[in-house]
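What follows is a set of notes on a single structure, which appears directly below.
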Amino acid sequence: KSLFNKFFDNKEIKQLKALVQSMPNDPRACFNLGAAYQKLGRYKDAVREFEKTLKYNPMSAEAHYNLALIYENMNEGKKATLHILKSGNLFSNKNDQVNKMEARGLLRQYYRKFNIQPEDIPKPDSDI
């Protein structure tokens, strides 16, 4: 990451921030800003935007999925595992088999990587 990106938002971030400000309750706007932050490795900012996405659209499998990837990068295994579990369930509810299988694969990977047992994870519908 360049020093420039640390102190100044790039054009894409500025545009997405303006969109979120103009439509603060729009989960898509929050999601897109979160994805832009994620791409830049600004994980705390990304988490904040994906959490807002879930506040306005709790059934967003994609937001849970992205949060899982971020928490994996931050080495927060339980949070990563819980979010990937939720995303897999939501993809399944939407009959999105491809993403469901991808989430299930990551779930198995997280169980191994973070040495977590399924019973260590709170129920998927509980708060994190």
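Could you tell me how many of the residues in region 92-119 are free of Cβ contacts under 8 Å to residues at least 40 places away in the same chain, over 16 Å from ALA61 (Cβ atoms) and open to solvent by 100 Å² or more (accessible area, probe 1.4 Å)?
Residues that pass the stated criteria total 4.
Here are some residues: ASN99, ASN89, ASN75. Which one is out of contact with any Gly (no Cβ under 6 Å at 6 or more places or on another chain) and assigned to a loop (DSSP other than H, G, I, E, B)? Reasoning before the result, please.
Working: ASN99 fails: assigned to a loop (DSSP other than H, G, I, E, B); ASN89 fails: assigned to a loop (DSSP other than H, G, I, E, B).
After ruling out the rest, the residue left standing is ASN75.
Quick check, is LYS52 open to solvent by 50 Å² or more (accessible area, probe 1.4 Å) and free of Cβ contacts under 8 Å to residues at least 12 places away in the same chain?
no
Of (1) among the small types (Gly, Ala, Ser); (2) within 30 Å of LYS14 (Cα to Cα); (3) buried (at least 19 other Cβ atoms within 10 Å of the Cβ), GLY41 satisfies all except one. Which?
Condition (3) is where GLY41 drops out.
Tally time: how many residues in region 55-64 are open to solvent by 20 Å² or more (accessible area, probe 1.4 Å) and in a helix (DSSP H, G or I)?
Residues flagged as open to solvent by 20 Å² or more (accessible area, probe 1.4 Å) and in a helix (DSSP H, G or I) within region 55-64 amount to 3.
Could you check how many residues of region 65-91 are open to solvent by less than 10 Å² (accessible area, probe 1.4 Å) and touching a helix residue (DSSP H, G or I) at 6+ places or on another chain (Cβ under 6 Å)?
The number of residues fulfilling the criteria is 10.
The values are calculated or read from the model by the stated rules, or taken from the named source; none is laboratory data. If you're wondering where the values come from, they're calculated on a predicted model, not measured in any experiment. Positions of Cβ are backbone-derived with ideal geometry, glycine not excepted, and every protein chain shown enters the neighbour counts. These area figures cover heavy atoms from the full protein model, side chains too; ligands, DNA and RNA do not enter into them. Shrake-Rupley method; radii C 1.70, N 1.55, O 1.52, S 1.80 Å.
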